[in-house]
1. Grab the Cα-Cα distance for Leu93 and Leu266, subtract it from 0.36 nm times how many residues apart they are, and report the gain in nm with one decimal.
2. Any idea how far apart Ala182 and Cys311 come out in nm if each label point goes 7 Å out from Cα toward Cβ?
3. Can you give the Rg to Rh ratio of the stretch 100-333, both from alpha-carbon atoms, with Rh computed by the Kirkwood formula?
4. At Ile293 and Ile155, where each label point lies 7 Å from the Cα along Cα→Cβ, what is the point-to-point distance in nanometres?
5. Once Rh for the stretch 214-324 is found with the Kirkwood sum over Cα pairs, what is the Stokes-Einstein diffusion coefficient at 25 °C and 0.890 mPa s, in µm²/s?
6. Given a Förster distance of 35 angstrom, what is the FRET efficiency for Phe175 paired with Phe225, based on the Cβ-Cβ distance and rounded to 0.05?
7. Using θ = phi - 60° and the Karplus relation 6.51 cos²θ - 1.76 cosθ + 1.60, list the HN-Hα couplings for the stretch 143-153 in order, rounded to whole Hz, with x at every Gly or Pro.
8. I need the phi-derived Karplus couplings for the stretch 265-271: 6.51 cos²θ - 1.76 cosθ + 1.60, θ = phi - 60°, integer Hz, Gly and Pro marked x.
Amino acid sequence: MHRVPHPPADVEIFARRLAEDRERHVTSREPETGRARGCYCLHSCGTLARVRSIFPFVCIFYAVLLVNLRAQESATRNVVVTGENEEDQFTELGEYAQPAWAERSRMASTTSVYVLSPYEAFVGNVWEGDFDRHGKTTHDITQEIDFGLPHRFEIGIENEFGVIEDQAHETSATFEARYAVANWNAIPLNPTISLEYILGFGTSARTSSRQSDAFTARLLLGQNFGDHFGYGLNLSLQPSVSHGDEREFEVAQAIAYGAFEGKLELGAESRYTHTTQHGSHEEQNEFVIGPSIGWKPIRQLRVGVAELFGCTGDSPGVASFVLISYEFGGGEAIVSPVPHD
């Protein structure tokens, strides 16, 4: 059986009609496809817009949540206690097992012992008034800030302001670094090394001569005897480094007894100073000694007064001291709760 071939004209007509049918079908589907794409685009854009609109509120929510968590953590760490027990403030121990009287930078107006606990700060103001037998009066005001560091280190700075009769001027600035050899009572007398550098600006109220730049090396010793007696001894050598051959050697001592749970301190102080004046070979020997008293109205605040009397011809008739100090941190900031019945 043989197929009869179609004429070429018929094949052309059939192909043309097939192309026209396909074009009509595609044209009829374009509106639906466009509507579908438009709906998808609108849906996607709307979703993105809604996400963008709520994103700031989500950020704010998580920020508030984070702040609240940190506040709760801080409140857990820092417990505020409103009462005090009857522990002895004279013997409360610091970070290195030192008693409270040795933890502060100054044990007394003339004597320092040991170092502060880590991250504890000491702020003190010391006024010294020397009343000469011949009517001459000098005043020396020292402002001191000390900061305790780990590993038994301490740093500090002092500013000295002098008043001689009716003339007032800034005298010097002192930078100090201090190191305790061991924890308290690990070595007898608890030796501590103190190095200072003094920048002289004007006339010294103590020597009535220009204060030169100087380097000071001090050995600080301290020891407790029982629970209520504290003793401190300072040996210092201060040579001039800027001009002249001025030198100063000093020995200072203090003893204190803590009473009434450490709120009251009764004691005595002494200071011996051997000085060689600049431009002169004459030597001066000053020795003063007398009673002292300290009062702590609150744990961090201490007020001390000392009246020392001159015992040599170069000494003032009376040397009066007033020390006001405040401590931030350390053993003094620890308050135990009051037990309730």
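Any read-out appearing in this document is the output of simple, stated calculations on the displayed coordinates, not a laboratory observation. The structure presented is a predicted model; accordingly, all values stated were derived computationally and were not measured. Cβ atoms come from the backbone with ideal geometry, glycine included; neighbour counts cover every protein chain shown.
1. Once the chain is fully extended between Leu93 and Leu266, it gains 60.3 nm.
2. 3.2 nm
3. Here the Rg-to-Rh quotient is 0.95.
4. Roughly 3.9 nm, to one decimal.
5. 157 µm²/s
6. 0.60
7. Per-residue couplings from phi come out as 9, 10, 10, 10, 9, x, 10, x, 6, 6, 9 Hz.
8. With coefficients 6.51, -1.76 and 1.60, one gets 10, 10, x, 8, 9, 8, 8 Hz.
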